[in-house]
Amino acid sequence: QVQLVESGGGLVQPGGSLRLSCVISGITFSLYPMAWYRQAPGKQRELVASIARLGTTTYADSVKGRFTISRDNARNTVYLQMNTLKPEDTAVYYCKAGLGSTSYWGQGTQVTVSS
């Protein structure tokens, strides 16, 4: 059974930082591309960042220079370091493993940026 468990969300003030983690089990982690998505209330889920099997990364324009995605294949974990957070970053953040029809999702972790 494939499981993705996100953690690290919470309430943070504007300008603050958070690091999200996603631990994956039930698949050979190193063979899967990974990604972080987010969904704000009333909006569609959007891609935030992705990391390929060999480490190539992509970012949404809205988070470039502020967020960093990384992976630790020894720990079956993908991270999202989020710096200089803004209120518009408030959303539920989801971890995804794989592509297309062979994808697995976590349950999400809430990130709220507010003073």
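Computed values, structure above
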{"quantity": "Exclusive hit being polar (S, T, N, Q), open to solvent by 40 Å² or more (accessible area, probe 1.4 Å) and closer than 24 Å to SER115 by Cβ, set GLN39, GLN3, GLN44", "calculated": "GLN39"}
{"quantity": "Options LEU85, LEU80: the member that is assigned to a strand (DSSP E or B), aliphatic (A, V, I, L, M), within 21 Å of SER114 (Cβ to Cβ) and open to solvent by less than 70 Å² (accessible area, probe 1.4 Å)", "calculated": "LEU80"}
{"quantity": "Flag if TYR94 is under 19 Å from GLN107 (Cβ atoms), touching a Gly at 6+ places or on another chain (Cβ under 7 Å) and either among the aromatic types (Phe, Trp, Tyr) or exposed (fewer than 13 other Cβ atoms within 10 Å of the Cβ) (or both)", "calculated": "yes"}
{"quantity": "Within the range 54-77, considering residues that are closer than 11 Å to TRP36 by Cα and of a type in the set (A, V, I, L, M), the one most open to solvent (accessible area, probe 1.4 Å)", "calculated": "ALA60"}
{"quantity": "Residues being hydrophobic (A, V, I, L, M, F, W, C) and in contact with a Phe, Trp or Tyr (Cβ under 8 Å, 6 or more places away or on another chain) - total across the range 25-69", "calculated": "7"}
{"quantity": "Among the candidates ARG53, ARG71, residue that is assigned to a loop (DSSP other than H, G, I, E, B) and over 15 Å from THR112 (Cβ atoms)", "calculated": "ARG53"}
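Yes or no, residue by residue, for (1) part of a loop (DSSP other than H, G, I, E, B); (2) out of contact with any Ser or Thr (no Cβ under 9 Å at 6 or more places or on another chain):
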position	(1), (2)
ILE27	yes, yes
TYR37	no, yes
PRO41	yes, no
GLY65	yes, no
CYS95	no, no
GLY98	no, yes
GLN107	yes, yes
THR112	no, no
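The values are calculated or read from the model by the stated rules, or taken from the named source; none is laboratory data. Because the structure is predicted, anything quoted here is derived from the model rather than measured. Every residue, glycine among them, receives a Cβ derived from its backbone with ideal geometry; neighbour counts consider all protein chains shown. Areas reflect the complete protein model, heavy atoms only, side chains present, ligands, DNA and RNA absent. Shrake-Rupley method; radii C 1.70, N 1.55, O 1.52, S 1.80 Å.
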